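Coordinate-derived values only; no laboratory data. Bear in mind the structure is a predicted one, so any value in this text is a computation, not a measurement. Using ideal geometry, Cβ is built from the backbone for each residue, glycine included, and neighbour counts are taken over all protein chains shown.
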């Protein structure tokens, strides 16, 4: 589950990570009031106005502005809220901005230069361990830094039996070139950041940039946070932060019906039981000249009603030109799936796109008989290769 920047920072603060003070605003009037309140509490005379969407690269798309006056706060807020913000991490249409975060200025003058670093905590799947990835070259595309100057990327793997050690936190601060007060603050920052990552059951905490301010303080100037959805039952407070407006409405609907659905850009709708079989089916579609329009796993306990809902969701995609149903009846019964296909036809009305059905396993013969007796125009197949070939034929 993705979080907004302001939500991620609220979690960071719970674990002692220093962040700029900020207030969320939904209108220019609220932003103006927020700026005045921040000026009163922090003494700041400049403010960052930041679009809140589930995507990075907001500054490049005009979603982050630095205001020097209260009037500019209102002006920038009115420009940002309501815009379709396009970033390298959104579609070409962009995402609608509904709110902004107004924050205090942390690029203030002092005895030392202000520095920007990159830092993230994530799972290294190859090693089976969490790791901290960091670089002294923050505030930039970390992908570009890794490609052009890989020597500027450092990693610190965490032993799950021990956790982050004080030595590792000190090594990170040293590799970032810090000393004195900034060094000590960075050690505390790294320790608190890892505790936040672990305590929130996150799959990603990305801070870009981490700021060393002119007085040696360390701030998380940004926060991209992804929470492991499988652990949300332990965090009802975090689950309440879910913003359905930022998610694909079809995927949200699929979740209500306990369907594992991910929208893709192809033209062949897929309905499969089991993630592994779904991936294999998508590969076969691709190899046969088609392109999968979705990943849809109806699960091992699918009944006729759930199959019908799966059909309805697939048919909402106007790009779908054919549907491939590939069911292996292990736990799920093929006759239940077949009944769902028949019900979908009868309840939805005329379906004008071809449907290819491959049923194998428990009650496969009964399922085929149900479909044959229904009079539906369904292409049947026994082997997966045959089903993929049938998809190729109906598309051409």
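Take every DSSP beta bridge whose two residues both sit in region 176-329; close to 60 percent of them are antiparallel. With a Förster radius of 35 Å, plug the Cβ-Cβ distance of residue 393 and residue 89 into 1/(1 + (r/R0)^6) and report the FRET value to the nearest 0.05. Efficiency at R0 = 35 Å is approximately 0.40.
Of all DSSP beta bridges in the chain, what percent run antiparallel (nearest 5)? Percentage antiparallel, nearest 5: 70.
Between the C-alpha center of region 220-257 and that of region 12-57 there is a gap of 22 Å.
Kirkwood radius and radius of gyration were both taken over the C-alpha atoms of region 109-248, and their ratio Rg/Rh is 0.99.
Of the residues 103, 29, 206, the one that moves most in a GNM of the chain with alpha-carbon contacts below 10 Å is 29.
Fully extending the segment from residue 215 to residue 383 would add 53.7 nm, taking 0.36 nm per residue of separation and subtracting the current Cα-Cα distance. Taking region 335-376 and a reference point 7 angstrom along Cα→Cβ of residue 305, the backbone N atoms nearer than 20 Å belong to 335-349. Figure legend: label point modelled 7 angstrom from the Cα of residue 343 along Cα→Cβ; residues of region 357-377 with amide N under 20 Å from it are 357-360, 362-377. As a calculated quantity, the FRET efficiency between residue 13 and residue 122 at R0 = 22 Å, using C-beta atoms, amounts to about 0.60. In region 248-395, inverting the average of 1/r over every pair of distinct C-alpha atoms gives 14.7 Å as the Kirkwood radius. Note on the chain: with a GNM built from Cα contacts shorter than 10 Å, the maximum mean-square fluctuation among 227, 238, 382 falls on 382. For the chain, the longest principal axis of the Cα atoms and the long axis of helix 304-315 meet at an angle of about 70 degrees. Estimated at 0.36 nm per residue, the fully extended path between residue 162 and residue 240 surpasses their Cα-Cα distance by 24.9 nm.
Principal-axis analysis of the Cα atoms of the chain puts helix 70-80 at an angle of about 20° to the longest axis.
Taking the helices alone, the chain has a mean residue ellipticity at 222 nm of -11500 deg cm²/dmol, built from -39,500 (n - 2.57) per DSSP H run of at least 4 residues and averaged over all its residues.
Taking 0.36 nm per residue of separation and subtracting the current Cα-Cα distance, fully stretching the chain between residue 260 and residue 41 would add 74.2 nm. Region 168-189 and region 288-351 have Cα centres separated by 54 Å.
Calculation over all alpha carbon pairs of the chain in 10 angstrom steps from 0 returns a P(r) of 5, 19, 24, 20, 16, 11, 5, 1, 0 percent. Between 74, 144, 169, the residue with the greatest mean-square fluctuation in the GNM of the chain (Cα pairs under 10 Å linked by springs) is 144. In terms of its Cα atoms, region 1-111 spans 41, 34, 27 Å along the principal axes, sorted from long to short. Mind checking the angle between helix 384-395 and the chain's longest principal axis? C-alpha axes, 0 to 90 degrees, to the nearest 10. Between helix and principal axis, roughly 90 degrees.
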